[in-house]
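The values are calculated or read from the model by the stated rules, or taken from the named source; none is laboratory data. Just so it is clear, the model here is predicted, and its values are computed rather than measured. With ideal geometry, Cβ positions are generated from the backbone for all residues, glycine too; neighbour counts draw on all protein chains shown. Protein only, heavy atoms only, side chains kept; ligands, DNA and RNA dropped before computing areas. Shrake-Rupley method; radii C 1.70, N 1.55, O 1.52, S 1.80 Å.
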Amino acid sequence: MEAMGKLREMITTSTFEVYEKMFFIFLEPVERKDIAYDMSTEITFKGPVEGSMKMYLSDGLVSCMVQNMLSISDEEVSDSMREDCAREATNMVCGNLLRNYDSSNVFSLSIPTCQKNNQGDLMPVCSESQADLWQAVFDSDGETLGVLLQMQRS
Amino acid sequence: MSFNVMIVDDSNAMRGVIKKIISMSGFKMDKCLEAGNGKEAMTLLEDNWVDVIISDINMPVMSGLEMLSHLKKDDLFGDIPVIMITTEGSSTRMEEAFQHGARGFIKKPFLPEDLKKILNEVLGVCDDGGYGEIEGDDNDLDF
């Protein structure tokens, strides 16, 4: 159970590592929780623990990720590139987190899915009483990223 | 000497970034083929020779491990070295990949130098582009 207590820290570490190494984006953790987003992704996992990771991303952040990842200009960024890039980021952050959580066991990860947020919904806020939910929010030059992890023992 | 590389990943963006990282690393790449899953890779191999395959594990249609099994059963393609790229790099998963015939393993996210190192290792190339001495008979990597 000790590792469970460190999950919020692990989300931050894994997110930093993936965004810095693969997207050359430096994130800053923020306390704000009620963030607006343009796109959300989800990946599920099974293993000694099971659950899901969701990411809530602003359009500006995803565009920057695609541009940095593929060395292309803003005009060249397409919707399919944005979705592909956001899904891949979710896959990498989740895989990295699970490796840090328990490197001795195998986890089976789903193919990540992606949805646009056309209704202007805000990222769900998890309360202190939700023991199997962890949340982290980041900022990069005014663009936002939210990560929501749900995990329980199998 | 330059090498033909095949990148197998269901993410178009990831294939693009792997290709970019290989170029950034200074590895001598000639042709670069891309496939979206193991099945597409097997089809491409029918008409193209590659020196090394870099493949994701978790893919739809045919996974990286399934592709490895198909390759190892094939007389012509069985010796092509395959480097697995994955996010979930547990020791058990790595052992599983090596048992299926993978020659190297790299965990996402990775740096250009990490990829160049593993490419050089599996191809037996020194950093200067020449061939190095390889210990052992089968070039297996320690992990």
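Tabulated data for the structure shown
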{"quantity": "Residue pairs meeting the criteria (Cβ under 8 Å; at least 6 apart or on separate chains; first more than 19 Å from A:ASN105 (Cβ to Cβ), in region B:89-117; second open to solvent by less than 20 Å² (accessible area, probe 1.4 Å) and among the aromatic types (Phe, Trp, Tyr))", "calculated": "B:LEU115/B:PHE27; B:LYS116/B:PHE27"}
{"quantity": "Unique match (being open to solvent by 10 Å² or more (accessible area, probe 1.4 Å), of a type in the set (Gly, Ala, Ser), under 15 Å from the mean Cα position of the chain (by Cα) and within 26 Å of B:ILE57 (Cα to Cα)) among A:SER14, A:SER52, A:SER80, A:SER71", "calculated": "A:SER52"}
{"quantity": "Test: residue in region A:36-58 that is of a type in the set (Asp, Glu), closer than 22 Å to A:THR144 by Cβ and in a helix (DSSP H, G or I)", "calculated": "no"}
{"quantity": "Where A:ASP121 falls short, out of the listed (1) modelled with pLDDT under 95; (2) touching a helix residue (DSSP H, G or I) at 6+ places or on another chain (Cβ under 8 Å); (3) among the acidic types (Asp, Glu)", "calculated": "(2)"}
{"quantity": "Those residues of region A:83-104 which are hydroxyl-bearing (Ser, Thr, Tyr) and surrounded by 23 or more Cβ atoms within 10 Å (Cβ to Cβ), in sequence order", "calculated": "A:THR90"}
{"quantity": "Verdict on A:ILE72 being in a loop (DSSP other than H, G, I, E, B) and facing another protein chain (nearest Cβ under 10 Å)", "calculated": "yes"}
{"quantity": "Checking B:ILE83 against (1) closer than 16 Å to B:VAL122 by Cβ; (2) of a type in the set (Val, Ile, Thr); (3) within 14 Å of chain A (Cβ to nearest Cβ), the condition it does not meet", "calculated": "(3)"}
{"quantity": "Residue within region A:16-25 that is of a type outside the set (Lys, Arg), away from every other protein chain (no Cβ under 14 Å) and touching a residue at least 40 places away in the same chain (Cβ under 8 Å) present", "calculated": "no"}
{"quantity": "Close pairs from region A:120-142: first exposed (fewer than 11 other Cβ atoms within 10 Å of the Cβ), partner of a type in the set (A, V, I, L, M, F, W, C), Cβ under 8 Å, at least 6 apart", "calculated": "A:GLY120/A:ALA36"}
{"quantity": "Any hit, region A:115-133, residues being under 16 Å from the mean Cα position of the chain (by Cα) and within 21 Å of B:THR87 (Cα to Cα)", "calculated": "no"}
{"quantity": "Tally, over region A:92-122, of residues that are in contact with a Leu (Cβ under 7 Å, 6 or more places away or on another chain) and under 24 Å from A:TYR37 (Cα atoms)", "calculated": "2"}
{"quantity": "The lone exception for B:HIS70 - which of (1) within 22 Å of A:LEU97 (Cα to Cα); (2) open to solvent by 10 Å² or more (accessible area, probe 1.4 Å) it fails", "calculated": "(1)"}
{"quantity": "Some residue of region A:139-146 being within 30 Å of B:GLU96 (Cα to Cα) and assigned to a loop (DSSP other than H, G, I, E, B)", "calculated": "no"}
{"quantity": "Test: residue in region B:44-65 that is more than 14 Å from the chain's Cα centre (by Cα), away from every other protein chain (no Cβ under 11 Å), over 28 Å from B:CYS126 (Cβ atoms) and of a type outside the set (A, V, I, L, M)", "calculated": "yes"}
{"quantity": "Members of region B:4-43 found to be modelled with pLDDT under 90 and away from every other protein chain (no Cβ under 14 Å), listed by number", "calculated": "B:GLY26, B:PHE27, B:LYS28"}
